[in-house]
1. Is there a residue in region 84-93 that is of a type outside the set (V, I, T) and within 13 Å of the ligand (Cβ to nearest atom)?
2. Kindly indicate which of N132, N121 is within 13 Å of the ligand (Cβ to nearest atom) and among the polar types (S, T, N, Q).
3. Given the condition of a type outside the set (A, V, I, L, M, F, W, C), in contact with a Phe, Trp or Tyr (Cβ under 7 Å, 6 or more places away or on another chain), at pLDDT below 95 and farther than 24 Å from Y12 by Cβ, answer yes or no: does some residue in region 123-134 qualify?
4. When you look at N19, is it closer than 28 Å to V137 by Cβ, assigned to a loop (DSSP other than H, G, I, E, B) and away from the ligand (no atom under 15 Å from the Cβ), yes or no?
5. May I ask you to verify whether D26 is within 16 Å of the ligand (Cβ to nearest atom), among the charged types (D, E, K, R), touching a residue at least 12 places away in the same chain (Cβ under 8 Å) and assigned to a loop (DSSP other than H, G, I, E, B)?
6. Scanning region 64-93 for residues that are among the polar types (S, T, N, Q) and surrounded by fewer than 21 Cβ atoms within 10 Å (Cβ to Cβ), which turns out nearest to C131 (Cα to Cα)?
7. Among the residues of region 46-83, how many are of a type in the set (V, I, T), without any contact (Cβ under 8 Å) to a residue 40 or more places away in the chain and either over 15 Å from T29 (Cβ atoms) or away from the ligand (no atom under 11 Å from the Cβ) (or both)?
8. What residue, among those in region 94-106 that are surrounded by fewer than 22 Cβ atoms within 10 Å (Cβ to Cβ) and among the aliphatic types (A, V, I, L, M), is nearest to the ligand (Cβ to nearest atom)?
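The values are calculated or read from the model by the stated rules, or taken from the named source; none is laboratory data. Small disclaimer: the values here were computed from a predicted structure and weren't measured. Note that each Cβ is placed from the backbone with ideal geometry, even for glycine, and that neighbours are counted across all protein chains shown.
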Amino acid sequence: MKQRVSKSWDDYYLDLLDNVASRSKDPDTQVGAIIVDKNNKQIGMGYNGFPPKFPDTEEYWKRPTKYRFVVHAEMNAIFNSLEPVNDCTLYVPFYPCADCAKNIAGARISRIVIDTEYYQNETTDLIFKECNIEVTVRHKGQTNKKSRSSDEQQDKEKSTTVRETKCTF
Ligand SMILES: [Zn+2]
C-alpha cells in the first residue's frame with residue numbers, strides 16, 4: 001500500500017510562524033517563534049512585544065524608542081513554554097540577534113530552523129557553533145534548483161548587507 005505523505009514538520013511550523021507573528025503590535029516588523037519538543041509537539045510560542053502590563057502606546061512603539069522595551073519573539077517563546085525547552089527545536093523566520101542567541105543557548109535549545117539567513121551575524125554564528133546548536137535554513141518558496149540558487153543568491157546579498165548590524169526590528 002502506498003503511504004500518503006504530508007508536509008514536513010519543518011515546513012509546517014515555519015508556515016505557522018506568520019500566524020503567530022500576526023499577534024504582534026509592532027508597527028514595523030512582526031516576528032513569530034515556536035518551540036517544539038523531540039516528538040514535534042509544540043510547547044511554546046511567542047511574538048515580539050512589550051513585557052506584560054507595559055502600555056502599548058504609539059509613542060512607545062516608535063523607532064527608536066521601542067528598542068529599549070521590546071522583548072523578541074524567541075524570548076517570549078521561551079518564557080511561554082509549557083515545559084523545559086532543553087533539547088528542543090526553535091522555529092523563527094530569520095537569524096536570532098546575538099542577545100537572543102545567548103539566551104537560546106542558555107535555555108539549552110539544541111536546534112534552530114530558520115527560513116532565510118536574513119540578520120545573520122558573526123556573534124550568533126559563533127554562539128551556535130560553540131554551543132553545538134544545529135542550524136537548518138529552509139529558503140522558503142523554493143520548488144526547483146533554479147529558483148533555489150537565485151533565492152540563495154538574494155539571501156546571500158541580504159545577509160551580507162545586514163551582517164554586523166544589530167537587530168533593527
Ligand atoms: Zn533577538
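1. Of all residues in region 84-93, those of a type outside the set (V, I, T) come to 84, 86-88, 90-91, 93.
The next check asks that each one be within 13 Å of the ligand (Cβ to nearest atom); those that pass are 90, 93.
Within region 84-93, one or more residues are of a type outside the set (V, I, T) and within 13 Å of the ligand (Cβ to nearest atom).
2. Details: N132 fails: within 13 Å of the ligand (Cβ to nearest atom).
The conditions single out N121.
3. no
4. Values: closer than 28 Å to V137 by Cβ: yes; assigned to a loop (DSSP other than H, G, I, E, B): no; away from the ligand (no atom under 15 Å from the Cβ): yes.
Considered against the rule, which asks whether it is closer than 28 Å to V137 by Cβ, assigned to a loop (DSSP other than H, G, I, E, B) and away from the ligand (no atom under 15 Å from the Cβ), N19 comes out as no.
5. Numbers: within 16 Å of the ligand (Cβ to nearest atom): yes; among the charged types (D, E, K, R): yes; touching a residue at least 12 places away in the same chain (Cβ under 8 Å): yes; assigned to a loop (DSSP other than H, G, I, E, B): yes.
So D26 fits the description; yes.
6. Within region 64-93, the subset among the polar types (S, T, N, Q) is 65, 76, 80-81, 86, 89.
If we keep only those that are surrounded by fewer than 21 Cβ atoms within 10 Å (Cβ to Cβ) too, we end up with 65, 80-81, 86.
Values: T65: 32, N80: 23, S81: 21, N86: 13 Å.
Within region 64-93, the match that is nearest to C131 (Cα to Cα) is N86.
7. Step one: of region 46-83, the residues of a type in the set (V, I, T) are 57, 65, 70-71, 78.
Narrowing further to those that are without any contact (Cβ under 8 Å) to a residue 40 or more places away in the chain: 57, 65, 71.
Checking the rest, the ones that are also either over 15 Å from T29 (Cβ atoms) or away from the ligand (no atom under 11 Å from the Cβ) (or both) come to 57, 65.
Counting residues in region 46-83 that are of a type in the set (V, I, T), without any contact (Cβ under 8 Å) to a residue 40 or more places away in the chain and either over 15 Å from T29 (Cβ atoms) or away from the ligand (no atom under 11 Å from the Cβ) (or both) gives 2.
8. Of all residues in region 94-106, those surrounded by fewer than 22 Cβ atoms within 10 Å (Cβ to Cβ) come to 94, 97-99, 102-103, 105-106.
Then drop every residue that is not among the aliphatic types (A, V, I, L, M), which leaves 98, 105.
Working: A98: 8, A105: 13 Å.
The qualifying residue nearest to the ligand (Cβ to nearest atom) is A98.
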